[in-house]
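One structure below.
Throughout, read-outs are computed from the coordinates displayed, never taken from laboratory work. Bear in mind the structure is a predicted one, so any value in this text is a computation, not a measurement. Because the Cβ atoms are built from the backbone with ideal geometry, glycine has one as well, and the counts that use them run over all protein chains shown.
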Amino acid sequence: MKIQQVEAIPLRIPFTVGGRSDAGAWGGKDLKTVDSLLLKVTTDSGLVGWGESFGFTVVPVVKAAIDNVIAPLCLGRDPLLIEKLMREVQRTLHIFGRSGAIMFGLSALDIALWDIAGKAAGQPVHRLLGGSDAAELSCYASLIRYTDPELVAENANRALGLGYTRLKLHEIDPACVRAAREAAGEEVEITLDVNCQWSVRDALDMADRLREYNLRWLEEPVWPPENLDGLARMRREGGISIAAGENASTLMDFAHMLQAGAVDFIQPSPAKMGGITELRKVFALANAHNATVMVHAFYDGPGLVAGVHASAALGGANAVVEWRFFDLEAQLYGDAIVPKGGVMTVPQGPGLGIEPSADVILDYRLH
Ligand SMILES: [Mg+2]
């Protein structure tokens, strides 16, 4: 089998979030559409694999990297030699950066190759990773930033009404965290992601104000994301468990993060950090460092599904899936992976187990 075509497919899908959103790491205020980037690998045997890169405003850059740099390296290669192919393209491109657009594109490629490997073997990807008897996984509703305590409470209640028992907030004002805790009661697990908002000193001061809300974790409290000493100090002195990792890339970054004692929860993002090939190594490494993997998945295509397979096979009883709490006008997989009662069905078909809708791609493709 040989790779015949590698195609980057940008999508733009309108969405709502139960009120006006504030600006955040993903884009400006009151975002109306979400941009994502699919990668389609076609082989000469007729098998097709789907991957996904991280999206939003970086989509045009990653598309250019795939079209001009990554795709030409892949044509004619055996898609089943995933480890070899990924090692070689990573080596070939390393001088252009070990994260960012090149690595996002390679991540999408890797996910598509695992989809093909599963289809060729007639097995779901989770079985190629060691297998899982988990038919479903618990999800947390990952809310956008509102910066309005009333809207936070309203949307926390909306998520709880749909059966979620775990929430993530992207707020930076303790009043919004209080609103969520008061709306949710004491039993609901709440995490807070501030996307690298503070200096270490400011983050420690904020931790003093946030501790009473019993957060399961505080995510990326300090700037910049690679400030591992700062994260480690937060973890030692802040009194709240620390999560980070969505901006780390490839195995070595995660090794450094774990060696620094920077995190309780480590968050590899398969559509950014190297795909399933790197992700499975991070699971092993995290186990050896007594850290819990919480796969980052602020997206809803093959990147998310890749994380679901890895979490099912490698995450054990701790596995929880991030579900972006967006009401999209169209879902790439219909309702196949939309959580019901706060749980997501683990796809059981060959490869990633479900296929993107051709109609959704036709209707929402950006040209
Ligand atoms: Mg985050």
Long pairs among LYS63/LYS340; LYS2/LYS272; LYS40/LYS168; LYS32/LYS281; LYS2/LYS32, criterion Cα-Cα beyond 29 Å:
LYS63/LYS340; LYS40/LYS168; LYS32/LYS281; LYS2/LYS32
Can you tell me which of GLY230, GLY51, GLY301 moves the most in a GNM of the chain? Springs connect C-alpha atoms under 10 Å apart.
GLY230
Virtual spin-label span in nm between PHE56 and THR33, 7 Å along Cα→Cβ:
1.8
Note down the nm distance, to one decimal, between modelled labels 7 Å out along Cα→Cβ at GLU150 and at ASP67.
4.5
Sorted by chain and number, the residues with a modelled amide H under 5 Å from that of SER241, at a separation of 5 or more or across chains, are LEU218
Over the chain, with a Gaussian network built from C-alpha contacts below 10 Å, which listed residue (VAL320, VAL125, VAL89) shows the highest mean-square fluctuation?
VAL89
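Where both residues lie in the chain, what percent of DSSP beta bridges are antiparallel, nearest 5? Walk me through the numbers on the way to the answer.
On the way: 25 of 46 bridges.
The answer is about 55 percent antiparallel.
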Extension gain, HIS289 back to GLU237 (0.36 nm per residue minus Cα-Cα distance, nm):
16.8 nm
Could you give me the ³J(HN,Hα) list for the stretch 263-272, computed from phi with Karplus coefficients 6.51, -1.76, 1.60 and θ = phi - 60°, whole Hz, x at Gly and Pro?
9, 8, 10, 10, 10, x, 10, x, 8, 10
Only loop residues by DSSP count here, and only those with at most 14 other Cβ atoms within 10 Å; note down the trypsin sites (Lys or Arg not before Pro) in the stretch 11-48 that meet that.
ARG20, LYS29, LYS32
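What does the net charge come to around GLN90 if you take all other residues with beta carbon closer than 15 Å to its beta carbon, with K and R at +1 and D and E at -1? Don't skip to the end; give the middle numbers.
Numbers: positive: ARG77, LYS84, ARG87, ARG91, ARG98, LYS272, LYS281; negative: GLU83, GLU88, ASP110, ASP253, GLU278.
Here the count lands on +2.
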With unit charges on the beta carbon (Lys/Arg positive, Asp/Glu negative), name the residue among SER249, ALA71, TRP26 whose Cα is farthest towards the positive pole of the charge dipole of the chain.
ALA71
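Set the Förster radius R0 to 56 Å, insert the Cβ-Cβ distance between ASP44 and ASP229 as r into 1/(1 + (r/R0)^6), and round the FRET efficiency to 0.05. Walk me through the numbers on the way to the answer.
Working: r = 50 Å, r/R0 = 0.89.
Computed FRET efficiency for ASP44 and ASP229 comes out at 0.65.
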Test of understanding: given the chain, find the longest segment containing no GluC sites (Glu not before Pro) that are in a DSSP loop and have at most 10 other Cβ atoms within 10 Å.
1-185
Place a +1 charge on the Cβ of each Lys and Arg in the stretch 3-122 and a -1 charge on the Cβ of each Asp and Glu, then give the dipole magnitude about the Cα centre in debye, rounded to the nearest 20.
200
Over the chain, with a Gaussian network built from C-alpha contacts below 10 Å, which listed residue (ALA121, ALA291, ALA179) shows the highest mean-square fluctuation?
ALA121
